[in-house]
Every structure is written in C-alpha cells, then in structure tokens.
Amino acid sequence: MNTRTLIRGGRLLCPTTGLDAPGTLILEGGRITGASTGEVEAGASDSVLDATGCVVAPGFVDLHAHFCDPGEEHKEDLRSGGRAAVRGGFTTVVVGSQTTPVNDTRAVTEMIVRRAAAFEGCRVLPMGALTQGREGRRLTEMYDLRDAGAVALGDADVTVADAGLLRRALEYARAVGLPVFEQPEDASLAGHGVMHEGPVSTRLGLNGVPAVAEVAVVVRDLALCAATGARLHLGPLSAAESVAAVRRAKADGLPVTCAVTAAHLHLTDEAVAAAYSPQLRSRPPFRAEADREALLAGLLDGTVDAIASGHRPQSPVEKDLEFDLAEPGLVGLETALGLVLRLVLEGRVELVSALRALTTGPARVLGREASLAAGRPADVVVFDPAARARVAGADLSSRSRNTPFLGQALPGLVRFTLVGGEVRHRSTENVR
C-alpha cells in the first residue's frame, strides 16, 4: 500500500495550470493525485508536510549546469551537485557535455545516468555532445546518445564554428527529435577577453569580450534554425542585441528558445569593477546595465524562456588567482531562487512569472511539463518567500564555493524538495 503525502497549509502556485490558491497537495505512488482547497483529513499512515507560510510549486528545472563528473570531481560530482540542486529547489538538472571524457558516446551517457540514479538528489539529465570530442569536426552518433538518455545535444560552452557542420547537425537533431543547445560565442571575436568590452574594461586595463562575439553567433544560428526547422536553444545569453534577435525570431515563428542566468539579471561590468574579485569572472561575462535591463525586459515579455543557474564549480586552485588568470564560472544552484525572489521584492517581476521561468519554461524546452496537475510526477518544491538565508560557504552543499554572493542575505528558503514523491531536501522537521 502506497503511503500518501499531504503538503498542506501553503499557497499552491502552478504556472502551467494557472492554479494559485491556498490548499493541500496530495501525493501518492510518486505522483500528484490531486490538489484541494478544502480541508483534507490525514490518515494514520499519511505523511504530512507543513507548508504554512510557504509557496508550493513544481520543482525547478535547470538547463545549464556542470557537475564536473566524470573528470573533475574535486570541483563537483553527481552526489554533491544533486544535493546542491535539491537544496536550491531544483528537481531536474541538465548537465553539460563538457565532462572528461566528453559525453559524446553511448557509454559515457549511460554511465552518467546510472551513477546519478544511485544518489538521492535531483533528476540528472545528460546533454550529449553535438560533435566528437566537442572539437567541431565530426558529428556524434545522435541516436545512440538519445537512446542512452541524452535529452539535448550541444557542445556545452564551445560554439560550433563551422556553419556547414552546424547546419547538418541541426538537420540530424531534428530527425532524432532532440533540441540543439548552443552557448553562443565567436572565439575569434572573444579572443583573450576576460570581461565585457566597454569603458569599464578599458578603465581596468583588461581585455574585453565584445557583445558582438555573442550576437554574431546568435544571428547565424537563427538563420540556420530557419533553414532547417530544428529546435534551437540559445544560452545563457548576456547581450541586449541577442535578446532582440531572439524576439524577432519568435515573432517569425521559429522553434527557438533561450535562457539567462539568475546572476546575469543582477550583475554588470560595474559590479566587476567595484569588487574586482575573480568570483565575478563569468562566461558569458556580466555586461553593461543596458544589457541587464534588456535581459529583464526579455523575461517580462516572454522572449526569455528560462532562468538557469549557470552552475559552474571551480576549486580554489582555479579561482583564487588574479582576475585575468582565474577560470570563469560561479556556482548558482543554491542562490538562484534567492536572486529571483530579490527581483520579485524589487517589483521588477511578478512571482508567477518568475516561477514560470524556473519551471514551465525550461521544461518545455525539453519537451516536458513541470506541473502540479494530477497524474504528473511528484516533483515539488516548498519554499518560504519571507525567510532570508545568508549565503555561507560552509553551508553550501556544492563542493565549490565560487560565488560572488557569499555573505549576502538572500530572500527565500527552500523548506522541502520532493523528487518522485520522496523528500530529498528538508530544512526543518515539520513531518509527522
């Protein structure tokens, strides 16, 4: 007999179904069996989670994270990455193909799927590489990768430079039925840049990455998307012109989606100058205030489909260096909700819109659904939007500590995260 779980006392909020009401969410057998706005009597064998004062929503879905496993487990592994994810409210995470060895074969994909299933963290969905070795020369066996468990195809943080090869890749990916993920950056334009190119980089005397390095690839990829009809996902994006190009493409009916990171909705090149910390070296870089405003505008009008963590762990060996020598990247799974809720508190975005970009939007990029509807998998997050939690390195579940938000008090605290009806994270003991 399946044990029933009742999540009661909270605000049920589901962007997919439009549900927004106080009530009780009922789970059984790993699935949602119903939602009631009335009183639900708990049976003797029922498990009750107290969600008083909390929001009960579909589990968050992250499209852009790196768990460094296999190959760089000293930075992160599947166990620690999965723990960080559920602590941040993420029940599903797409992990990039930039592993060692590269996830470009059935064997590597199957290994990641098998190892991730052994840990009680989030659902781990591998991205299979688009080209062998992520070298941009020969295409991978896409059917093998899909059948092994890959949910998307892409060379992670390496842009496919050969437009002809990318066109063929998009054609094959369309036949396979998987989206192509591309993090757009023209290496020849980016050069050895370490931050956004502009007056700030000039003032600091640092090599800059011009916005056109991203925009040029976005425009090219959108043209190839139009030519092939393949599903294309771009991101994380950082430049105003990139968002504008995607907006036009969507208006033309192209099957394109895009994402931005939670950090890019807050930080700019001026923040880099103010702190001059290697923790602020990111890829893509934090750009000008006008770019940040454009990302927010894209989120508000639906151009931006997803807010991602951009989780890229780095150990002190790679990060605690001079700014231009440090590896780019920051951990983001445990701070994404707080950064999003900060925007809500500032009045920049409505809570339901913010949650849509953490749940419905990214799920649809994968052809899936994040929902509190009856019959759906019981992937649920319960968070207290009024609580504030200080980002402390010793408290992070991630193995790495590379975040510019250390010491800051962010709004929101995840009380429970459930994956398939199982409580994978609990911040209190409100269970009987």
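Going by average Cβ neighbours within 10 Å, how do the peptides 242-251, 305-314, 177-186, 130-139 rank, with the highest at the top?
Numbers: 242-251: 20.1, 305-314: 28.9, 177-186: 23.1, 130-139: 17.8.
Ranked by mean Cβ neighbours within 10 Å, highest first: 305-314, 177-186, 242-251, 130-139.
Quick one: Kirkwood hydrodynamic radius for the range 59-365, alpha-carbon pairs, angstrom, one decimal? It would help to have the intermediate numbers written out before the result.
Working: mean 1/r = 0.0523 Å⁻¹.
Hydrodynamic radius (Kirkwood, Cα pairs) of the range 59-365 is 19.1 Å.
Sorted from largest down, what three extents in whole angstroms do the Cα atoms of the range 195-238 have along their principal axes?
44, 15, 11
Let me know the whole percent of all Cα-Cα pairs from the range 290-432 that are separated by more than 27 Å.
Of the Cα pairs, 29 percent sit more than 27 Å apart.
Using the charge dipole of the range 59-365 (Lys, Arg: +1 at Cβ; Asp, Glu: -1 at Cβ; taken about the Cα centre), state which of Ile307, His74, Val317 has its Cα farthest towards the positive end.
In the range 59-365, that residue is Ile307.
With a 10 Å radius around each residue's Cβ, average the other Cβ atoms per peptide and rank 372-381, 213-222, 163-172, highest first.
Numbers: 372-381: 20.7, 213-222: 22.6, 163-172: 18.1.
Ranked by mean Cβ neighbours within 10 Å, highest first: 213-222, 372-381, 163-172.
Determine the percent antiparallel among the DSSP beta bridges restricted to the range 59-365, to the nearest 5. All intermediate terms of the calculation are to be shown ahead of the outcome.
Working: 1 of 25 bridges.
Given both bridge residues lie in the range 59-365, the antiparallel proportion sits at roughly 5 percent.
Would you compute, from DSSP H runs of 4+ residues alone, the mean residue ellipticity of the chain at 222 nm, taking -39500 (n - 2.57) per run and dividing by the full residue count, rounded to the nearest 500? Mind showing how you got there, number by number?
Details: 14 runs with 130 residues, N = 432.
When only DSSP H runs of four or more count, the value is -8500 deg cm²/dmol.
May I ask you to evaluate 6.51 cos²θ - 1.76 cosθ + 1.60, the Karplus curve with θ = phi - 60°, for each residue of the range 285-292 and list the ³J(HN,Hα) values in order in whole Hz, giving x for glycine and proline?
x, 6, 9, 6, 4, 5, 5, 4
Between the DSSP loop rule and a limit of at most 11 other Cβ atoms within 10 Å, which GluC sites (Glu not before Pro) in the range 313-407 are left?
Counting only loop positions with at most 11 other Cβ atoms within 10 Å, the GluC sites (Glu not before Pro) in the range 313-407 are Glu322, Glu346.
In the neighborhood of Gly421, defined by Cβ-to-Cβ distances under 15 Å, what is the net charge if each Lys or Arg adds +1 and each Asp or Glu adds -1? Kindly include the intermediate steps, with their values, before the conclusion.
Working: positive: Arg4, Arg31, Arg123, Arg376, Arg424, Arg426; negative: Glu28, Asp46, Glu120, Asp379, Glu422.
Counting the neighbours of Gly421, the net charge comes to +1.
Using per-residue counts of other Cβ atoms within 10 Å, averaged over each peptide, order 264-274, 14-24, 150-160, 84-94 from highest down. Before the final figure, lay out the partial values.
Details: 264-274: 20.4, 14-24: 17.4, 150-160: 24.9, 84-94: 28.5.
Taking the mean over residues of other Cβ atoms within 10 Å, the ranking is 84-94, 150-160, 264-274, 14-24.
Every number here is computed from the coordinates shown, using simple stated rules; none is lab data. Quick caveat: nothing in here was measured; it's all calculated off a predicted structure. Positions of Cβ are backbone-derived with ideal geometry, glycine not excepted, and every protein chain shown enters the neighbour counts.
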